[in-house]
Amino acid sequence: MTGPETWGPFDQHGFDARVEWGPHGLRRLARACEVVVIIDVLSFTTALDVALGRGATVLPYRFADDRQAAYATAASALLAVGRRATDDDHPYSLSPATLQALPAGSRLVLPSPNSSALAFGAAEAGARVVLAACLRNAAAVAAAARAAGGAVGVVPAGERWHGNTGPLRPALEDLLGAGALLTALAPSAPSPEARAAMAAFSEAAPDLGRRLEECASGRELIEAGFPEDIRLSAELDISPVAPRLDCQAFVDGSRG
């Protein structure tokens, strides 16, 4: 954590809840906020919620390379593959729908170069508590953030143009997830950026399913054959799970 003498305008200092996008925003918020919450609604954080709801321990993996299988083997864990790479030997993926059949109590390696890198980056940058939220568990994660105490930095992951290393594409679904989390958190002094996310969620809340279906990322998933992921992702506050990063794994922080 840095002190006031090193703060700048992009840290959104003076507010108890703050929002900034992607890895650059993460580095700004993680150095100034005790709690950081990662949001990736249509893939990682919803998949994480479903897996932890099955009693799993989830090992995020931040690289898109051929070392994933070796890492899973070394960790005595199952490996989730890309959405389009599932087969009889690898039935689990970043598609939340596939994780509904995850054996209870499993260990699962969940690769995500975007969100996993954000989670580990938050811890490395000095955040005391790193959480992950989606629409399904917004209230539960807000309660965990409130219990942890201190300023809360919310980081919507967004998507990438042209693959994992392309420029950031702010994604509506992650803005809505941030707004849901912040609305449940009810901060006393949210930043203007946080207020904007809350306002976006308030407008979309009566029809979240349609908003996710009709946004660019949702349309992409439907065209790719994954409409069930949108249905699961649009369920609001149906999960008590509060994913918390504990060293190299996400565990359910709602269990103490």
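Some values worked out for this structure:
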item: Selected from T46, T73, T86 as most flexible by GNM, with the chain as the system and alpha-carbon contacts under 10 Å; result: T73
item: Computed FRET value (nearest 0.05) for E124 with E213, which takes r as the C-beta separation and R₀ as 45 Å; result: 0.80
item: Charge dipole (debye, nearest 20) of segment 56-111; +1 at Cβ of Lys and Arg, -1 at Cβ of Asp and Glu; result: 220
item: Value of relative contact order over the chain, rounded to a whole percent, pairs C-alpha under 8 Å and six or more apart; result: 29
item: FRET E, pair D246, I222, Förster distance 41 Å, beta-carbon r, rounded to 0.05; result: 0.70
item: Simple Cβ-charge dipole of segment 146-256, Lys/Arg +1 and Asp/Glu -1, about Cα centre, in debye nearest 20; result: 380
item: I38, I230, I222 arranged by Cβ crowding within 10 Å, fewest neighbours leading; result: I222, I230, I38
item: Among L26, L94, L168: highest mean-square fluctuation, GNM of the chain, C-alpha pairs under 10 Å; result: L168
item: Per-residue HN-Hα couplings for segment 102-107 [Karplus 6.51, -1.76, 1.60; θ = phi - 60°; Hz; x = Gly/Pro]; result: 5, x, 4, x, 5, 9
item: Cα-centre dipole for the chain with unit charges at Cβ (Lys and Arg positive, Asp and Glu negative), debye to 20; result: 460
item: Extended-chain gain in nm, criterion 0.36 nm per residue less alpha-carbon gap, S188 and D16; result: 61.2 nm
item: Least to most buried among D11, D89, D229 (fewest other Cβ within 10 Å first); result: D89, D11, D229
item: Residue order, fewest to most surrounding Cβ atoms within 10 angstrom, among E173, E34; result: E34, E173
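Quick note: the coordinates plus some simple rules give every number you see, no bench work behind them. Remember, predicted model here, so these are calculated numbers, not experimental data. Neighbour counts run over all protein chains shown; Cβ positions are idealised from the backbone, glycine included.
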